[in-house]
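The structure appears below as structure tokens.
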Protein chains: 2
Amino acid sequence: MNKELVIIGVVRSSIKDLSTAPKMEDAPGAVQATIEIDPLYAEGLDSMQAGAQLELLTWLHQAERDVLKVHPRGDKKRPLRGVFTTRSPFRPNPVGLHRVTLVSIKGTTLTIEPLEVLDGTPVIDIKPKP
Amino acid sequence: MNKELVIIGVVRSSIKDLSTAPKMEDAPGAVQATIEIDPLYAEGLDSMQAGAQLELLTWLHQAERDVLKVHPRGDKKRPLRGVFTTRSPFRPNPVGLHRVTLVSIKGTTLTIEPLEVLDGTPVIDIKPKP
């Protein structure tokens, strides 16, 4: 099977700069953001309702993929550890996983919160929280 | 950026048959399973410890990718709805997201539970639960 991801939408956010972006969704700085879903995938939103608790999967397109150890939260005073024991965006497959609330939905535009990723981040999936 | 996923490992499970596989990890039938991580990515496991609560991301390689509406849990009596309001494996990017406990780790072999995916399912990421 083809392992190439398709981009189903894009994040629109006031967070524009990687150097000042918050590190996790619970950090100060996560904001309300919108997701513009590609109309090609509009049918997949059928029955989606405001208030839903969602798991949003993004593709952290500015992350490095050949890093296997990191200092947690980029803090050089903390010892290096395997990326699979951290939520660093640097990892072989930089998939971001975010718990968000759907504030509203209008057509293929979803307003969600909180989200800490950069404006322009590709969206690859949306799932209801189990 | 390249959007091709790399396979970091594979699930080894007693679940061999899609037709009888459980639908969700909390369904009867989810089992203890092992993950064999490719030695190429062994360093990414550094500091991983038994007992960890993990989020495992898999690539549901037998799923159909061109489906945008499904009957929830395959029950034809339930009306069709958008795949993004369900956790169906049928979706544009069939990434499986599983909460598991790390029972033990020995080298690059992780024993985890519970997991409902088929033997041979590719693994694409492991993250600590936030």
Taking the mean number of other Cβ atoms within 10 Å as a proxy for protection, how do you rank B:56-64, B:73-81, B:97-105, A:90-98 from highest to lowest?
A:90-98, B:56-64, B:97-105, B:73-81
Once the label point is placed 7 Å from Cα along Cβ, list for B:SER19 the distances to the corresponding points in the other copies, in nm, shortest first.
6.0
Cβ-based net charge around A:PRO128, under 10 Å, with every Lys or Arg adding one and every Asp or Glu removing one
+2
Would you mind listing how long the stretch A:9-128 runs along its three principal axes, going by Cα atoms, in whole Å with the largest first?
46, 26, 22
So, in nm and shortest first, the distances from A:ARG73 to its counterparts in the other copies, with label points 7 Å along Cα→Cβ, work out as 4.1
Rounded to a whole number, the mean other protein chain Cβ count within 10 angstrom for residues of B:83-96 is 6
Students often forget the sequence filter, so: which aspartates and glutamates lie under 16 Å Cα-Cα from A:LYS3 once same-chain residues fewer than 8 apart are removed?
A:ASP125, B:GLU4, B:GLU64, B:ASP66, B:ASP125
Kirkwood hydrodynamic radius of the protein assembly as shown, from inverse mean 1/r over distinct Cα pairs, in Å
18.8 Å
Counting only protein heavy atoms, what percent of the accessible surface of the protein assembly as shown is carbon or sulfur at a 1.4 Å probe?
52 percent
Per residue of B:120-127, what is the mean number of Cβ atoms on other protein chains within 10 angstrom of that residue's Cβ?
4
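Can you check what the net charge comes to around A:GLN53, using other residues whose Cβ is under 11 Å from the Cβ of A:GLN53 (Lys, Arg +1; Asp, Glu -1)?
With Lys, Arg at +1 and Asp, Glu at -1, the neighbours total +2.
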Please work out the C-alpha center-to-center distance from the stretch B:38-104 to the stretch A:1-70 and express it in whole Å.
17 Å
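Taking both sides together, what accessible area is buried at the B/A interface, probe 1.4 Å, expressed in Å² and rounded to the nearest 100? The partial results should precede the final answer.
Working: alone 8300 and 8300 Å², together 12120 Å².
Interface between B and A: roughly 4500 Å².
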Please work out the average accessible area per residue across chain A, using the 1.4 Å probe convention, and give it in Å².
47 Å²
Excluding residues fewer than 8 positions from B:LYS16 in its own chain, the aspartates and glutamates with Cα under 12 Å of it are B:GLU116, B:ASP119
With all pairs of different alpha carbon atoms counted, what Kirkwood hydrodynamic radius in Å does the stretch A:1-76 show?
15.6 Å
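The values are calculated or read from the model by the stated rules, or taken from the named source; none is laboratory data. Predicted model, so just to flag it, every value in this text is computed and none were measured. Quick reminder, even Gly has a Cβ in these numbers, built from the backbone with ideal geometry, and neighbours come from all protein chains shown. What goes into the accessible areas is simple: the full protein's heavy atoms, side chains included, and nothing from ligands, DNA or RNA. Shrake-Rupley method; radii C 1.70, N 1.55, O 1.52, S 1.80 Å.
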